[in-house]
1. For the stretch 161-172: of the residues being within 20 Å of Pro139 (Cβ to Cβ) and hydrophobic (A, V, I, L, M, F, W, C), which is least open to solvent (accessible area, probe 1.4 Å)?
2. Those residues that are in contact (Cβ under 8 Å) with a residue 40 or more places away in the chain and within 11 Å of the chain's Cα centre (by Cα), I need them from the stretch 109-125; list them, please.
3. Scan the stretch 139-176 for residues that are among the polar types (S, T, N, Q) and under 22 Å from the mean Cα position of the chain (by Cα) and jot them down.
4. What about Ser149, is it of a type in the set (Gly, Ala, Ser), modelled with pLDDT under 95 and farther than 16 Å from Gly33 by Cβ?
Amino acid sequence: MRAAAAAFQKIGMGVSIFGSARIPPGHPFYDLGLELGARIAQLGVPVIAGGGPGLMEAANRGAFSAGGRSVGLNIRLPRETTNNPYQTDSLHFEYFNSRKASFFMHSLAYVVLPGGFGTLDELFEAVTLIQTMKQPPAPIILVGTAFWSGLIDWIRDQLAPNGMIGPYDADLLVIT
């Protein structure tokens, strides 16, 4: 974490992009990740992604191809044995908790592409940290209405009415 903090002193704050490691190039979600990474980089904002394959690679690749700062927070996993090659800054982590802390300590916003359990873990960590005011307010943008609407419906239909979240907590999430 010290090495990551020192690196981010030079990198600055960025936008974290989360998404599935299992989406291949050529898939519409991959193309969307490329476009988002490029657009954020063109704004002069570093793109921070997990550094692995799939949508993490797409975000890093889009930023890298646009000539922007493309940060990979890399961790070795059985299905993710190499870092994607589209990183201007490659940070390595042994543990998920220090990797996630680095995402949240250095992000101005969170963009969440479709993904599985790892993506959901990152999404709900961001929401929880902002909801409990352990992190400053920041946009949490879920990309893909068709993909995310069922989850948002469940949050609004189950969690809010049963008092498990506050009446406005679901509004922390924006779907596009």
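The values are calculated or read from the model by the stated rules, or taken from the named source; none is laboratory data. These numbers come from a predicted model, not from an experiment. Cβ atoms come from the backbone with ideal geometry, glycine included; neighbour counts cover every protein chain shown. To get the accessible areas, we keep the full protein, side chains included, count just its heavy atoms, and leave off ligands, DNA and RNA. Shrake-Rupley method; radii C 1.70, N 1.55, O 1.52, S 1.80 Å.
1. Across the stretch 161-172, the extreme among qualifying residues is Ala170.
2. Scanning the stretch 109-125 gives Ala109, Tyr110, Val111, Val112, Leu113, Pro114, Gly115, Gly118, Thr119, Glu122, Leu123.
3. Thr145, Ser149, Thr176
4. Spelling it out, it is not the case that Ser149 is of a type in the set (Gly, Ala, Ser), modelled with pLDDT under 95 and farther than 16 Å from Gly33 by Cβ.
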